[in-house]
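So the structure is just underneath, and the comments pick up after that.
The values are calculated or read from the model by the stated rules, or taken from the named source; none is laboratory data. Since the model is a prediction, treat every value here as computed from it, not as a measurement. Here the Cβ positions follow ideal geometry from the backbone for every residue, glycine too, while neighbour counts run over all protein chains shown.
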Amino acid sequence: MSKASDKKVFRLANHSKAKIECYCNYLRIYLSILANAPFDNIYILDLFAGEGKDIDNVSCSSVAAAEAIRDHYNSGKTSCKKITFELNDSGNSVIEPGFKKIDRVKRFIDELHLPNSVQTTYSNSPFEDIIDTVIRKMNALKSNERALCFIDPFGYKYSKPEKLKSILQNGRTEVLLFIPICFMHRFAAKAVNDDSFTEGKHIEEFLSVLFQNKIPELGSQISFIKKIQQQFKIFLNVPYVREMYIEKDKNQYFALFFFSNNKLGFEKMLEAIWKIDEKSGKGFTVSMNSVNPGLFDNIDHESYTKLLFDEIKRNKKMSNQEIFDFGLKNNHLPKHSNKVLTELRKEKKIKATFENGDNALAFYINDGHQNKIFVTSII
């Protein structure tokens, strides 16, 4: 490879673009919600800010987030009182030798002329030197402050479960973590079983801590991602953990994990993922630019119809709140539950009534809706 422009490292791959799109979709929704809530300061942290833009002038996570923040303030709608935007990267630029990556990030963000409501800070500290400071700051957040932390390391040695647990401890921070599952899966068995495989030390540490020394059967990469998601929920002790599958090449996956203590935040992350993958709300496939039908188990609307109807039959009766929560638990939005219930009622399989027994025309599948209705199986 004789020219810089020929090297893949300088150019964002499609799977990286999908990751950034999901992050920024969520960030836009996140800011619009918090702007209408009594929060005085919102922290946005990107601990691996990257080059700012690739060789094709495509924005990396840091600059893409800055663009989303700029658009938030230019929307003409209610905006956040204050955003503290903290960016860090210790690496040297591979696009501009002699420059730090963070210097390029600052240059591109300066060009956006963010408003005075946004306080942007830049640092070039190694992750291991800055993470404990970040943890202390997140745990010191006040009740009128919130934070979103994006962690996209190169590799997996910085994806330490115990550090994530500390960041999430006070319940006011949400985290997006990117993990190259295909590499971890490929070397996991050798890392756990071969003490001489020093290159796998960080994988072994990650799995040993997360699974509390009970390493699971690896299975396929898809099942491996799901096992990690389930174990994250247990280890981190957070109610909401969501994974987004990103297929880099055929049957080669990365994963974006979202951690939150907030039900509304979780719902809005689902919206961000479904926006990318309208068919299944599960992931991004580079080869097809959409998820391949049948690629994942139990993800399409037809299977969700059966899943929800079986749950209604099992319970005999479910409230609109219970259906809302069931949908989120199974990675579906209120609009999906509404669609399923509408079809089930057309097929005369269910009925919907208010508390007093009167028929209800709508289902009101929203969190904490003032109208309480019950959906009952009639077959």
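Of the listed requirements (1) without any contact (Cβ under 8 Å) to a residue 12 or more places away in the chain; (2) crowded, with 19+ Cβ neighbours inside 10 Å, ASP195 misses just one: (2).
Taken residue by residue, region 204-220 has at least one member that is under 24 Å from ILE276 (Cα atoms) and surrounded by fewer than 21 Cβ atoms within 10 Å (Cβ to Cβ).
Consider region 223-278 and keep the residues that are farther than 14 Å from ASN331 by Cβ and of a type in the set (Val, Ile, Thr). The one that is nearest to the chain's Cα centre (by Cα) is ILE246. Sub-9 Å Cβ pairs linking a first residue in region 326-341 that is at positive phi and in the same structural domain as ASP367 (by TED's automatic domain parsing) to a second residue that is in a helix (DSSP H, G or I) and among the aromatic types (Phe, Trp, Tyr), at least 6 apart or interchain, are ASN331/TRP274; ASN331/TYR304, ordered by first then second residue. Among the residues of region 33-69, the ones that are assigned to a loop (DSSP other than H, G, I, E, B) and among the β-branched types (Val, Ile, Thr) come to 2 in all.
Right, LYS157: within 29 Å of GLU247 (Cβ to Cβ), modelled with pLDDT under 95 and not small (Gly, Ala, Ser) or not? When the stated conditions are applied, LYS157 passes them.
The residues of region 215-252 that are part of a loop (DSSP other than H, G, I, E, B), farther than 22 Å from GLU174 by Cβ and in contact with a helix residue (DSSP H, G or I) (Cβ under 9 Å, 6 or more places away or on another chain), listed by number, are ILE215, PRO216, GLU217, LEU218, GLY219, SER220, ASN251.
Given the structure, is GLY327 part of a loop (DSSP other than H, G, I, E, B), in contact with a His (Cβ under 9 Å, 6 or more places away or on another chain), at pLDDT below 95 and not polar (S, T, N, Q)? Criteria not met by GLY327. Only one of the listed residues (ILE312, ILE299) is modelled with pLDDT of 95 or more and either outside any helix (DSSP H, G or I) or surrounded by 14 or more Cβ atoms within 10 Å (Cβ to Cβ) (or both). That residue is ILE312.
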